[in-house]
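What follows is a short report on a single structure.
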Amino acid sequence: MCLFVEVNLISEPLVIFVCATAGQGDPPDNMKNFWRFIFRKNLPPTSLCQMDFAVLGLGDSSYAKFNFVAKKLHRRLLQLGGSALLPACLGDDQHELGPDAAIDPWLHDLWEKVLGLYPVPPDLGVIPPGVPLPSKFTLRFLPEAPKMCSEEQHVAGADPPGPPSEQQPFLAPMVTNQRVTSPSHFQDVRLIEFDITGSGLSFAAGDVVLIRPQNQASHVQQFCRVLGLDPDQYFTLLPREPGVPCPTQLPQPCSVRHLVSHYLDVASVPRRSFFELLACLSPHELEREKLLQFSAPQGQEELYSYCNRPRRSVLEVLCDFPHTAGAVPADYLLDLIPPIRPRAFSIASSLLAHPSRLQILVAVVHYRTRLKEPRRGLCSSWLASLDPGRGPVQVPLWVRPGSLTFPETPDTPVIMVGPGTGVAPFRAAVQERVARGQTGNFLFFGCRWRDQDFYWESEWLELERKGCLTLFTAFSREQERKVYVQHRLRELGPLVWDLLDRRGAYFYLAGNAKGMPADVSEALTSVFREEGGLSGPDAANYLARLQRTMRFQSETWA
């Protein structure tokens, strides 16, 4: 990316940038080299004066720095002399129609501008609607199964050159899989522990572990039946274009069963592009007509009602369009269905407290929509189904830095607000800080009931007894008026203000992104006004300064 930028960007007449935002308003990993290059101070302000550009941001408005990277990139390109064809497009995952609500009209205007400036050469034809592009890969089926099956060995690999990674995960033995909510509680939450002896894995408080789950065996069978595939047949994968790598997660040769179990995300909610390609591949007039309707801009409300609102899966859609599904060429499977994405979990333990172990806290996702079958989280349900008591269980995983980093100075206090499973990274932080003799650990924890979902109660109370932790709890359902962590922050305003303003504390927040982060921020600005005597604007600026200097950090999820 950086090489492309340095060599080509200054001579490119037209560039469309598509970018997301990660962590605390940071560029994603694959953009970091480019980000460093584009913000070099020695770039002349006329560097990009020959370039027309447009920026498309993919973000989520539940985060404080919504599409921060796209906004900042747009401004920087203007500073370097680039000419913006359009204002930056800010796609929002929180919109009921998803990012397409912003992207559709923006793309329409973009094509108008681009074709006006750069007309299609007369000797080039436009691919007609309804004609699919060639598939990225071809599947060459083998007449018989290979004598040596290396699919499991492919996952584990042999003597990886470095620490475990997405390309080469570590097969971690699961040690325990324990439910930590009471049997009467509505949610099944698991404390899961892995043995990472000999893995080369190293992590600190705030880091995350990534796990790539598998599809249910019943879903694999149903998928193969609907598409007319033999799960036991083997194939080799061949790219159509030179230089295109095959997915590293797939062995060569590979069985159809392995492809569907470990790679194709048949349980995901399909995007609009899925319906567009499926319509192109459909030989059935009525089904094709409906698919075209779903993929058209004017059909997005209907698509949302059919697919997004009830969380209908790829597999269920294919079952609803059986004539089309049965005619999908195998070559298009990897174009049609996205790969299973790894799921990230905050690591809930410290190596200083639990050497050679890695623990996570997993809320098993299970809810009902108007569809007959309950919706289940792919990874959480898969993990919950694994029982190391019945025999060895191994889970492919690797770790990466998270968005939370904790101060190393021994006397810097930390205020941690972690309702529900949001408390997981703070358990790792407390364990690590206590092991290092760091004091000033203040934890605000909230849940529904003390006796049903108070995770690690005995552990917290023992640390508090030893003087290693100050704990504040909010049990929302134990009194007539609901009490949440933000209420405790306001009640303890004098302490919070003293810690932040006089003692230089760091403030951390983790948990569900729905409404809690905004409520906590509002509680903090209220404390700044009441205890610090700040005006409304000054209180907001104080909070922004904490965020800017990394003394306020958050890790939230939808």
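Just how large is the dipole of the chain about the Cα centre, in debye to the nearest 20, putting +1 at every Lys and Arg Cβ and -1 at every Asp and Glu Cβ?
Charge dipole of the chain: 900 debye, to the nearest 20.
What percentages make up the Cα-Cα pair-distance distribution of segment 295-441 when the bins are 10 Å wide from 0?
8, 25, 26, 20, 13, 6, 1
Give the distance, in whole Å, between the Cα centre of segment 442-514 and the Cα centre of segment 322-348.
41
Which translational diffusion coefficient, to the nearest whole µm²/s, is obtained for the chain from the Stokes-Einstein equation, given a Kirkwood hydrodynamic radius over C-alpha pairs, 37 °C and 0.692 mPa s?
On the way: Rh = 26.6 Å.
Here the translational diffusion coefficient equals 124 µm²/s.
If you take every DSSP beta bridge fully contained in the chain, what fraction is antiparallel? Give it as a percent rounded to 5.
Percent antiparallel among DSSP bridges in the chain is about 50.
Before I look further, what does the chain give for accessible area per residue, probe 1.4 Å, in whole square angstrom?
On a per-residue basis, 50 Å².
Scattering from the C-alpha atoms of segment 365-442 alone, worked out with Debye: what is log10 I(q)/I(0) at q = 0.16 1/Å?
Relative scattering, expressed as log10 I(q)/I(0), comes to -0.85.
From the C-alpha coordinates alone, can you work out the Kirkwood hydrodynamic radius of segment 329-377, in Å?
Here the Kirkwood hydrodynamic radius works out to 14.9 Å.
What is the angle, in °, between the Cα long axis of helix 536-548 and the longest principal axis of the Cα atoms in the chain? Nearest 10 is fine, range 0 to 90.
70
Convert 10 °C to kelvin, take the viscosity as 1.306 mPa s, use the Kirkwood radius over C-alpha pairs of segment 360-516 as Rh, and evaluate the Stokes-Einstein diffusion coefficient in µm²/s, rounded to a whole number.
89
Can you work out the FRET efficiency for the pair E462 and T248, with r the C-beta to C-beta distance and R0 = 35 Å, to the nearest 0.05?
Once rounded, the FRET efficiency stands at 0.20.
Under the definition of Cα pairs under 8 Å and six or more residues apart, what whole-number percent is the relative contact order of segment 398-478?
Relative contact order here is 31 percent.
With no solvent and one point per C-alpha, what does the Debye sum give as log10 I(q)/I(0) for segment 470-558 at q = 0.11, 0.13 Å⁻¹?
Rounded to two decimals, the profile gives -0.31, -0.43.
Less than 11 Å Cβ to Cβ from F141, Lys/Arg counted +1 and Asp/Glu -1: what total charge do the surrounding residues give?
-2
Quickly work out the R75-to-R311 label distance, labels modelled 7 Å from Cα along the C-beta direction, and quote it in nm with one decimal.
Distance between the two pseudo-spin positions: 3.7 nm.
Would you work out which of L278, Q216, Q293 lies farthest towards the positive end of the dipole of segment 213-349, given +1 charges on the beta-carbon of Lys and Arg and -1 on that of Asp and Glu, about the Cα centre?
Looking along the dipole axis, the top candidate is Q216.
Helix 424-435 sits at what angle to the longest principal axis of the chain, using alpha carbons and giving 0 to 90 degrees rounded to 10?
The two axes meet at around 50 degrees.
Kindly provide log₁₀ I(q)/I(0) values, in the same order as q = 0.15, 0.27 Å⁻¹, from the Debye equation applied to equal alpha-carbon scatterers of segment 1-81.
Each listed q corresponds, in turn, to -0.52, -1.46.
Using a Förster radius of 45 Å, what is the FRET efficiency between L124 and Q187 based on their Cβ-Cβ separation? Nearest 0.05, please. Could the numbers behind the result be given before it?
Details: r = 56 Å, r/R0 = 1.25.
Computed FRET efficiency for L124 and Q187: 0.20.
Under 19 Å from the Cα of K65, which aspartates and glutamates turn up, not counting those fewer than eight places away in the same chain?
Here the aspartates and glutamates satisfying the reach criterion relative to K65 are D26, D29, D92, D93, D519, E522, E555.
Which of L80, Y508, T421 sits closest to the plus end of the dipole of the chain, meaning its Cα is farthest towards the positive end, when Lys and Arg get +1 and Asp and Glu get -1 on the C-beta?
Looking along the dipole axis, the top candidate is Y508.
For segment 458-527, which GluC sites (Glu not before Pro) are both in a DSSP coil and crowded by at most 15 other Cβ atoms within 10 Å?
E478, E480
For K41, give me every one of the aspartates and glutamates with a C-alpha distance below 16 angstrom, ignoring sequence neighbours fewer than eight places off in its own chain.
Those aspartates and glutamates meeting the cut-off are E6.
Expressed as an acute angle from 0 to 90° and rounded to the nearest 10, what is the orientation of the C-alpha long axis of helix 68-79 relative to the principal long axis of the chain?
70
Based on Cβ point charges of +1 for Lys and Arg and -1 for Asp and Glu, what charge dipole magnitude is obtained for segment 81-133 about its Cα centre, in debye rounded to the nearest 20?
Charge dipole, segment 81-133, about its Cα centre: 280 debye, nearest 20.
Is there a pair in K372/K482; K113/K136; K32/K113; K71/K113; K32/K136 whose C-alpha atoms are over 23 Å apart, and which pairs would that be?
On the way: K372/K482 33 Å; K113/K136 29 Å; K32/K113 29 Å; K71/K113 20 Å; K32/K136 27 Å.
K372/K482; K113/K136; K32/K113; K32/K136, as the Cα separations exceed 23 Å there.
Go ahead and run the numbers for FRET between W557 and T46, Cβ-Cβ distance against an R0 of 45 Å, rounding to 0.05.
Between W557 and T46 the formula returns 0.60.
Using 0.36 nm times the number of residues separating S385 and R502, minus their current alpha carbon distance, what extension gain do you get?
Roughly 37.2 nm would be gained on extension.
Let me check I have the definition right: for segment 83-133, take the eigenvalues of the Cα gyration tensor, multiply each by 5, take square roots. What are those semi-axes in whole Å, largest first?
26, 18, 6
What distance in nm separates the simple spin-label points at D109 and E301, each placed 7 Å from Cα in the Cβ direction?
2.2
Find how much the distance from D451 to E491 grows on full extension, using 0.36 nm per residue of separation minus their present alpha carbon separation; answer in nm with one decimal. Mind dumping the intermediate values first?
Details: separation 40, 0.36 × 40 = 14.40 nm, distance 2.35 nm.
Computed gain between D451 and E491 is 12.1 nm.
For D232 and S165 in one chain, what is 0.36 nm times their gap in residues minus the Cα-Cα distance, to one decimal in nm?
My answer for the length gained is 21.3 nm.
May I ask you to give the percent of accessible area on segment 21-123 that is carbon plus sulfur, with a probe radius of 1.4 Å?
Carbon and sulfur atoms account for 57 percent of the accessible area of segment 21-123.
Calculated from DSSP H runs of 4 or more alone, at -39500 (n - 2.57) each and per residue, what is the 222 nm mean residue ellipticity of the chain, nearest 500?
Value at 222 nm, helices only, nearest 500: -9000 deg cm²/dmol.
Mean separation of Cα pairs under 8 Å and 6+ residues apart, divided by the residue count of the chain: what relative contact order is that in percent?
This gives 14 percent for the chain.
How large is the charge dipole for segment 308-466, taken about the Cα centre, if only the Cβ atoms of Lys, Arg (+1) and Asp, Glu (-1) carry charge, to the nearest 20 debye? Don't skip to the answer; put the middle values down first.
Numbers: 20 positive and 15 negative charges, 78 e Å.
For segment 308-466, the charge dipole is close to 380 debye.
Please give, to one decimal in nm, the separation of the simple spin-label points placed at V175 and N8, each 7 Å out from Cα toward the Cβ.
Inter-label distance under the simple model: 4.9 nm.
Using a probe of 1.4 angstrom, how much of the accessible area of segment 460-548 is carbon and sulfur, in percent?
Working: 2070 of 4540 Å².
Accessible surface attributable to carbon and sulfur in segment 460-548 totals 46 percent.
The values are calculated or read from the model by the stated rules, or taken from the named source; none is laboratory data. Just so it is clear, the model here is predicted, and its values are computed rather than measured. Please note: Cβ atoms are built from the backbone with ideal geometry, for glycine as well, and neighbour counts cover all protein chains shown. Quick note on the areas: whole protein, heavy atoms, side chains included, nothing else; ligands and nucleic acids left out. Shrake-Rupley method; radii C 1.70, N 1.55, O 1.52, S 1.80 Å.
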